[in-house]
Structure formats: C-alpha cells, structure tokens
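Nothing in this text is a laboratory measurement; each read-out follows from the coordinates by a stated rule. It should be emphasised that the depicted structure is a prediction, and the values quoted were computed from it without experimental measurement. Ideal geometry is used to build each Cβ from the backbone, glycine not excepted, and the neighbour counts take in all protein chains shown.
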Amino acid sequence: MRALDTMVILDTETGGLDPLHHSLLSVGLVSGDGRHQLEFYVIEPTIVSDPRSMKVNRIDLDQVRASGLTPGAAVDRIEAFLDGLGLGRPVMVAGHNIAFDIAYMRRLYRLAGRKVPRDFSHRTVDTHTLLWALSAVGRLPPDVTSSDQAFRHFDIAPPDEMRHTALGDALATRDLVARLLETMG
C-alpha cells in the first residue's frame, strides 16, 4: 500500500478566514487513491461571510441555503464516506494549510454536538510545509510555496470552474501530494 492510500485529502471553502467567526460553507474529501470523492454544502444556523472570501470561492449563498446539509447531517455524511474507505479511525488527513481546514472541521463537529476530533487524526500532512521544506533544501524553486505556484510548477491544472471549490482543490491537492512524495523519493 502506498503512503498516499492511507490518508484522505480535505479542503474546505468558508465565509472567511476566522473559524471562530466565519461560517463553513463547503467540504471536499478525496481518498488518497483518488477513487472516492465527496463534496457538499453546509448550512449553519447563521451564515457569516466576508465579501473578499466570497469573491475567491464564488459560492452562491442561496444555493448553500437551498441544498446545504445541517451540521449533524454533514458529520453523518463524512462518517459514512470514511466508513466506506475502510481506513479505520482516526484517519490521517492531508491538505494545503491543513490546520485551517481542520479548524473548520472542529467548528462543524462542535455545531453538530459531536466529539472533536472523532474522525480525523491529530497527525496531518500539510503540503505548504512540504513545499517550504523542499524549497529550503534546494529541491524546489524558492517561490513554489502557494498552491497556485505549486500547481503551475508540477503542471497540475484543475479546471477553472473547479478551482477554489472544496472538491476541485482537494483533487488538485491529492495530485500535489503524489508529486511531492515523488520529489522526496
């Protein structure tokens, strides 16, 4: 089993940068082997958003209100997805600036009245940190630390309509993790 197959890639789209204040709007999960994918909107009791974040993620709040899952239903959906992977619990997650996404998962689980963290391990893989480390030792150019720069460098091209969506970014980050593991090998 490859290392990538033992983890799940997570991305969130949010109403802002502060998980204590702004709403979680969308969750994307991809199995490390890339065969299983999940994306859904979350409808919090009150949606709090910042116009700058909404410009980046392009999420239509009316669509979130119409089709979003309640926090409890969202956690149920996550748990069913993870059950289907057969990786056990807690699962290790990877992402770009993963602490941000984990903070929003904690918010979701709290809103659902569920144990935090129940499903996600405290052990994570952060692509930003890996990019920085590879750059620091000369294995990557020094300017390849953002996801946009890394995607360009490794020729990972998420379709424009999927960039800055939870699923689109999780899929691209999964490819980035694979390329970073190759670079380290």
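Helix 127-136 and the longest principal axis of the C-alpha atoms of the chain enclose an angle of approximately 20°.
Peptides 172-179, 115-122: what's the order by average Cβ count within 10 Å, highest mean first? Write out the running numbers ahead of the final one.
Details: 172-179: 22.0, 115-122: 15.0.
Per-residue mean Cβ counts within 10 Å order the peptides as 172-179, 115-122.
Note down the relative contact order for the chain as a percent, whole number, built from C-alpha pairs under 8 angstrom at least six residues apart. Relative contact order of the chain: 26 percent.
Over all orientations, region 51-156 has a Cα convex hull whose mean projected area works out to 8.8 square nanometres. When the P(r) is computed for the chain, the part past 30 Å accounts for 16% of the Cα-Cα pairs.
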